[in-house]
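K.L.:
Let me give you the structure first, and then I'll get to my questions.
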Amino acid sequence: MAILTLLLLSLIPACYSPDLRDCTVSCVGAADCAGGQVCSAEHYCAASGVSCAMQAPPHDAPRADMMMELDAPPPPPIDAPPATGDLHVRIMDKGDVAVSGVATCDHDCTYTVLLGGELELVAQPGDGRRFERWSGACDGDDVTCVLVPTQPLTEVSAKFRKDD
């Protein structure tokens, strides 16, 4: 395998050179480009503002997509669905929690949500009750909690108690 990698590297010695012409190196993100180039919408490295649409790389241009990183997993497809996770909401005592854009939970609920997306949770006490506090991913005694789930499972509890 090492010989194959060395052979490939010797065939494309200037792959990441900052002297590369626009639209000659394929990319997934700006980190794949060199010399201040950005990854264009067509997934080729180019100077900012340059469109690579309808431009095929020259036959003699080095191609980064010919290189392999043997230990690295392949990047996710460009059109991969957004990552999701579960939001588990637990109600202690009588009340409910409105989850923005999702639903209202009145006992013990689990929802599939977008990871990295902002959610607003609002505690709503039942009759003769008041909101006491959040626990888990939300913390504090404000009735509103703004949450950005980043884990496959995010747990939140809302505690209510009898109004004095």
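K.L.:
Using the count of nearby Cβ atoms within 10 Å as a rough guide to exposure, how do VAL148, VAL156 rank from fewest to most?
P.N.:
Ascending Cβ contact count within 10 Å gives the list VAL148, VAL156.
K.L.:
Over all directions, the average projected area of the alpha-carbon convex hull for the stretch 84-162 comes to how many nm²?
P.N.:
So the Cα hull casts an average projection of 4.2 nm².
K.L.:
Can I ask one more? Would you mind checking which residues have amide H under 5 Å from LEU115's amide H? H placed 1.01 Å from N; only 5 or more apart, or other chain.
P.N.:
When sequence neighbours closer than 5 places are left aside, the close amide H contacts are ALA83, THR84, GLY85.
K.L.:
Using R₀ = 30 Å, calculate the FRET efficiency as 1/(1 + (r/R₀)^6) where r is the Cβ-Cβ separation of GLU42 and THR104; round to 0.05. All intermediate terms of the calculation are to be shown ahead of the outcome.
P.N.:
Details: r = 44 Å, r/R0 = 1.47.
E(calc), rounded to 0.05, equals 0.10.
K.L.:
Between ASP164 and ALA31, how high is the FRET efficiency from 1/(1 + (r/R0)^6) when r is the Cβ-Cβ distance and R₀ = 35 Å? Nearest 0.05.
P.N.:
Result of the calculation: an efficiency of 0.05.
Only the coordinates and a few stated rules stand behind these numbers; no lab work does. The structure displayed is predicted, hence computed values, not measured ones. Because the Cβ atoms are built from the backbone with ideal geometry, glycine has one as well, and the counts that use them run over all protein chains shown.
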